[in-house]
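Written out below as structure tokens is the structure these notes cover.
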Amino acid sequence: MMKRKYMIVGLLLCMSFFGGTILAESLPSAGSSENGTESLQVPHKPKGTKTRLGAQAQGGRPAEKKVETTKPQTGKKGGEVRKAVKKQTFDPSSRYVAVKTNAVYWAGAIMNLSAEVQLHEHVSLELPFNWSLWDIEQEHGVRLVLFQPEARWWMKGVGKGHFVGVHAHVGAFNVKWKDDRFQSTERPVLGAGFTYGYSLPFSEHWGAEFLIGAGYANMKYNQYYNIDNGAQIGKKSYNYWGITRIGASLVYRF
């Protein structure tokens, strides 16, 4: 019985030995490539090139992209802009100074003379003075002294084209009109108004100016009979709203 067991165990060992030998011979060789077997290949890399990992390892960090900065243009255009700015600035040596006289007032027998001076590139100050010291006839006459200073803003530049202004007026009057005579009293005429006008140059020195102004004036006056040493009729105060300036002037610029 024991003998049969040993024989069976020995038979099994012999079978396992021969079976392992046959199985090993049937497996393909790892190094052979000619008898139809495949071999492991290392990817080919061209000479002179570096792998991504190698490049990062040598540099320490990935290469940064260059940011291009543009320099401000300081060429011909920049010079032209600076020249234009210089031309627009106010030059006191070329200050606008002019004298003028108003033909409309002359038509009413009122003498007048005005002076204007530039204060800024677009700003000027006009100082007109009007006076009349005689009567037109026995029944009609305008005696007055009137001062109307005005600050002006010119659209293009002083003495050129359109302008707007703000004026004040102070004066005294003695007016004859038919049967009555009106004379300011106690205090002068006071008021203010707005002006719009246009200047038209003829040449370097000569030109014309047209304007119209409207505003307010307050006056206190006595009313008399329009005769020599006429008796006083009354005493009145009047608030006037309407035309305060009108002009068509001849201008001479220095």
Q | Backbone HN-Hα couplings from phi across the range 119-130 [Karplus 6.51/-1.76/1.60, Hz, Gly and Pro as x] | A | 10, 8, 4, 10, 10, 9, 10, 10, 10, x, 10, 10
Q. For the peptides 214-221, 145-152, what is the packing order when you average, over each peptide's residues, the other Cβ atoms within 10 Å and list the highest mean first?
A. 145-152, 214-221
Q: Please give the contour-minus-distance gain from Ala115 to Gln183: 0.36 nm per residue of separation, less the Cα-Cα distance, rounded to one decimal in nm.
A: 21.6 nm
Q: List the pair-distance distribution P(r) of the range 96-253, using every Cα-Cα distance, as the percent of pairs falling in each 5 Å bin from 0 up to the bin containing the longest distance, rounded to whole percents.
A: 2, 9, 16, 20, 17, 13, 9, 6, 4, 2, 1, 0
Q.
Can you work out the Karplus-derived ³J(HN,Hα) for every residue in the range 223-237? Use 6.51 cos²θ - 1.76 cosθ + 1.60 with θ = phi - 60°, whole Hz, and x for glycine or proline.
A. 10, 10, 5, 7, 9, 4, 6, x, 5, 6, 8, x, 10, 9, 10
(Q) Using a Förster radius of 45 Å, what is the FRET efficiency between Tyr96 and Asn229 based on their Cβ-Cβ separation? Nearest 0.05, please. (A) 0.35
Q) Can you give the relative contact order of the range 96-253 as a percent, counting alpha carbon pairs under 8 Å and 6+ residues apart? A) 20 percent
(Q) Taking only the Cα atoms of the range 190-235, how large is their convex hull per residue, in Å³? (A) 152 Å³
Q: Note the full-extension length gain between Ala172 and Val123 as 0.36 nm times their separation in residues minus their Cα-Cα distance, in nm to one decimal.
A: 14.7 nm
**Q.** the range 170-187 - phi-based ³J(HN,Hα) in whole Hz, Karplus 6.51/-1.76/1.60, Gly and Pro as x
**A.** 9, x, 9, 8, 8, 10, 9, 8, 6, 8, 10, 10, 10, 9, 5, 8, 6, 8
**Q.** Model label zone, Trp241; criterion: amide N under 15 Å from point 7 Å along Cα-to-beta-carbon; scope the range 160-203
**A.** 192-194
Q: Would you mind counting up the charge near Gln138? Only other residues with Cβ under 13 Å from its Cβ, with Lys and Arg at +1 and Asp and Glu at -1.
A: -2
Q: Determine the gain in length on full extension of the stretch Glu137-His205; use 0.36 nm per residue of separation and subtract their C-alpha separation, reporting nm with one decimal.
A: 20.7 nm
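None of the figures in this text is laboratory data; all of them are computed from the coordinates on show. Here the structure is a predicted model, which is why all the values come from computation and not from measurement. Here the Cβ is made from the backbone with ideal geometry for all residues, glycine too, and neighbour counts use every protein chain on show.
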